[in-house]
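Notes for the one structure printed next.
Any read-out appearing in this document is the output of simple, stated calculations on the displayed coordinates, not a laboratory observation. No experiment lies behind these values; they were computed from the predicted model shown. Please note: Cβ atoms are built from the backbone with ideal geometry, for glycine as well, and neighbour counts cover all protein chains shown.
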Amino acid sequence: MLDDGTVHGFVQPMLDCALIWAEQNAPRPDFPYATLRWLRSEEGGRPIARPWYGAVDADGLMMVETPMQDTLEIQVFGPSALNILDTLRQKLGFPTTQDSAFLHGIAVLSCGPVLNISALLETTWEERAAMELTLGHVTRGTDKVGLIEKVQAAGTLPGGGAPVPLSLNIEMETPHG
């Protein structure tokens, strides 16, 4: 699962305003400012491909890597909200942004349109813009699959004459005794 710090560290340099997490009980910065909000189910991001299974080590541990995706909503509040998000959307295609994404261990999978969601709040008109951003990343974990220490196989080999019985036993010497 992507962590908040990674996402914030990736998005903030592309914005010309403060960036905070939405739905937090904290004072809001001066206008303009942007908010980030996860748009995902309770279980977190969703897998987008089959996991990759690594080799099993001497302790019976196997690395499992699963490609995942998470979607975020970015909203900008205050003057020039549309322009700020338009600029962010453009910067997502810059080579330096792609380099930053790589260094953060993420990939930009898709970017939704910039939506004008300005509204009249009581007696004040508030400029707002929103956009969805879908990021790809890889989750990593180890699975204790154990070691195959003994294999037994039995069968018959057909041939031109009588079938030949076959029995095979393989035992591995392991440091685990």
Kindly write out, for region 117-134 in residue order, the coupling ³J(HN,Hα) from the Karplus curve 6.51 cos²θ - 1.76 cosθ + 1.60 (θ = phi - 60°), rounded to whole Hz, with x marking Gly and Pro.
10, 4, 8, 8, 9, 6, 10, 10, 7, 10, 6, 9, 9, 9, 7, 9, 10, 9
If you place +1 on the Cβ of every Lys and Arg and -1 on the Cβ of every Asp and Glu, how big does the dipole about the Cα centre of region 4-146 come out, in debye to the nearest 20?
260
Taking region 128-177, how much of its Cα-Cα pair set, in percent, is spaced more than 15 angstrom apart?
74
Å³ per residue enclosed by the Cα convex hull of the chain
211
Work out from phi, with θ = phi - 60° and the Karplus expression 6.51 cos²θ - 1.76 cosθ + 1.60, the ³J(HN,Hα) of each residue of region 135-151, listed in order in whole Hz, and give x for Gly and Pro.
10, x, 7, 10, 8, 10, x, 10, 10, 8, 8, x, 10, 8, 9, 8, 10
Along the charge dipole of region 29-144, Cβ charges K/R +1 and D/E -1, which of PHE31, TYR53, PRO113 sits furthest on the positive end?
TYR53
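Considering only DSSP states other than H, G, I, E and B, which GluC sites (Glu not before Pro) in region 110-177 qualify as loop sites with at most 11 other Cβ atoms within 10 Å? Please report the intermediate quantities before stating the final value.
Details: sites: GLU122, GLU126, GLU127, GLU132, GLU149, GLU171, GLU173; in loops: GLU122, GLU127, GLU149, GLU173.
Of the GluC sites (Glu not before Pro), the ones in loops of region 110-177 whose Cβ has at most 11 other Cβ atoms within 10 Å are GLU122, GLU173.
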GluC sites (Glu not before Pro) restricted to DSSP loop in region 1-74 with at most 12 other C-beta within 10 Å:
GLU23, GLU42, GLU43
Among LEU166, LEU115, LEU103: highest mean-square fluctuation, GNM of the chain, C-alpha pairs under 10 Å:
LEU166
How much length would be gained if the chain were fully extended between VAL145 and SER110, taking 0.36 nm per residue of separation minus their Cα-Cα distance, in nm to one decimal?
9.0 nm
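In percent, what relative contact order does region 4-146 have, based on Cα pairs under 8 Å that are 6 or more apart in sequence? Show your work: numbers first, answer last.
Details: 264 pairs, mean separation 38.1, N = 143.
RCO, region 4-146: 27 percent.
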Pick from SER80, SER167, SER110: which is most flexible by mean-square fluctuation in a GNM of the chain where alpha carbon atoms under 10 Å apart are linked?
SER167
As I understand it, the dipole of the chain uses +1 on the Cβ of Lys and Arg and -1 on the Cβ of Asp and Glu, about the Cα centre. Which of MET62, LEU88, VAL164 lies farthest toward its positive end?
VAL164
Chain lengthening between LEU168 and THR66 when straightened (0.36 nm per residue, less Cα-Cα):
33.1 nm
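Among residues other than ALA130 whose Cβ falls under 15 Å from its Cβ, what is the net charge (Lys/Arg +1, Asp/Glu -1)? Could the numbers behind the result be given before it?
Working: positive: ARG37, ARG89, ARG128; negative: GLU23, GLU73, ASP86, GLU126, GLU127, GLU132.
Summing Lys and Arg as +1 and Asp and Glu as -1 gives -3.
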Please list 3J(HN,Hα) in residue order for region 12-29, calculated via the Karplus relation 6.51 cos²θ - 1.76 cosθ + 1.60 where θ = phi - 60°; whole Hz, with x for glycine and proline.
3, x, 8, 9, 9, 7, 5, 10, 10, 7, 5, 6, 10, 8, 8, x, 7, x
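Cut-off is 10 Å between beta-carbons; in what order do ARG28, ARG37 appear when sorted fewest neighbours first?
ARG28, ARG37
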